[in-house]
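The values are calculated or read from the model by the stated rules, or taken from the named source; none is laboratory data. Predicted model only: the values in this text are computed from it and were never measured. As a convention, Cβ positions derive from the backbone with ideal geometry for all residues, glycine included, and neighbour counts pool all protein chains shown. When the accessible area is computed, the model is the full protein with side chains, heavy atoms only, and any ligands, DNA or RNA have been set aside. Shrake-Rupley method; radii C 1.70, N 1.55, O 1.52, S 1.80 Å.
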Amino acid sequence: MPTLFERIISGEIPSDQIYQDEVCVAFRDIDPKAPTHVLVVPRKPVRSLDDDLDAALAGHLLVVANKMAQQEQLSNGYRVVINCGEDGGQSVDHLHVHVLGGRALDWPPG
Ligand code: AMP
């Protein structure tokens, strides 16, 4: 059974995609938690950060997260988040990197 994000990547479910390469895609979160809220998602359906994660893939996702921040002109700063597992608040079992910006973000998170 494909994950929600696999279905988005395949185009079966529409998304506001802003970037793609051979390894990952980035699209706007459907329920944004900040003025800019982008998800960077690997094409490979890795379940979470707890999965058998390839270092090159993990690094690539962070490089693209930074690229998205620049593309979205988050020059005043931004936050990169990976929720992992139940306590981490992960709701979609397909690894994804949140890029949030456009306002001052509280710390610590709730
Ligand atoms: P997480 O809670 O860390 O697993 O993040 C999952 C994110 O996916 C949430 O911020 C959701 O708002 C977002 N999301 C769920 N469905 C969609 C969708 N169809 N298109 C874009 N983002 C989505």
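Residues in the stretch 53-86 that are under 15 Å from CYS24 (Cβ atoms), surrounded by 15 or more Cβ atoms within 10 Å (Cβ to Cβ) and β-branched (Val, Ile, Thr): VAL64, VAL80, ILE82. Among residues of the stretch 81-107 that are on the phi < 0 side of the Ramachandran plot, those with a beta-carbon under 6 Å from a residue that is in a loop (DSSP other than H, G, I, E, B) and exposed (fewer than 12 other Cβ atoms within 10 Å of the Cβ) at least six positions away or on a different chain give the pairs ASN83/GLY89; ARG103/PRO35.
Filtered by the rule that a residue be open to solvent by 70 Å² or more (accessible area, probe 1.4 Å), charged (D, E, K, R) and over 18 Å from ASP31 (Cα atoms), the stretch 1-21 gives a lone residue, GLU12. Applying a threshold of 6 Å to beta carbon distances and a minimum spacing of six or more residues, or different chains, the list of pairs starting in the stretch 24-48 at a residue that is touching a residue at least 24 places away in the same chain (Cβ under 8 Å) and ending at one that is in a loop (DSSP other than H, G, I, E, B) and of a type in the set (Lys, Arg) reads ALA34/ARG103; PRO35/ARG103.
Condition check ((1) within 13 Å of PHE5 (Cβ to Cβ); (2) within 13 Å of the ligand (Cβ to nearest atom)) across all residues:
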| site | (1), (2) |
| --- | --- |
| ASP16 | no, yes |
| ILE30 | yes, yes |
| ARG47 | yes, yes |
| ASP52 | no, no |
| LEU57 | no, no |
| ALA65 | no, no |
| GLN73 | no, no |
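Those residues that are surrounded by 18 or more Cβ atoms within 10 Å (Cβ to Cβ) and more than 21 Å from GLY89 (Cβ to Cβ), I need them from the stretch 25-52; list them, please. Hit for the stretch 25-52 is VAL25, nothing else. Selection over the stretch 45-68 of residues that are aliphatic (A, V, I, L, M) and under 21 Å from ILE8 (Cα atoms) gives a count of 9.
Taking VAL80, is it aliphatic (A, V, I, L, M), touching a Leu at 6+ places or on another chain (Cβ under 8 Å) and more than 10 Å from the ligand (Cβ to nearest atom)? Spell out how you get there, then give the answer.
Working: aliphatic (A, V, I, L, M): yes; touching a Leu at 6+ places or on another chain (Cβ under 8 Å): yes; more than 10 Å from the ligand (Cβ to nearest atom): yes.
Taking the combined requirement at face value, the residue satisfies it.
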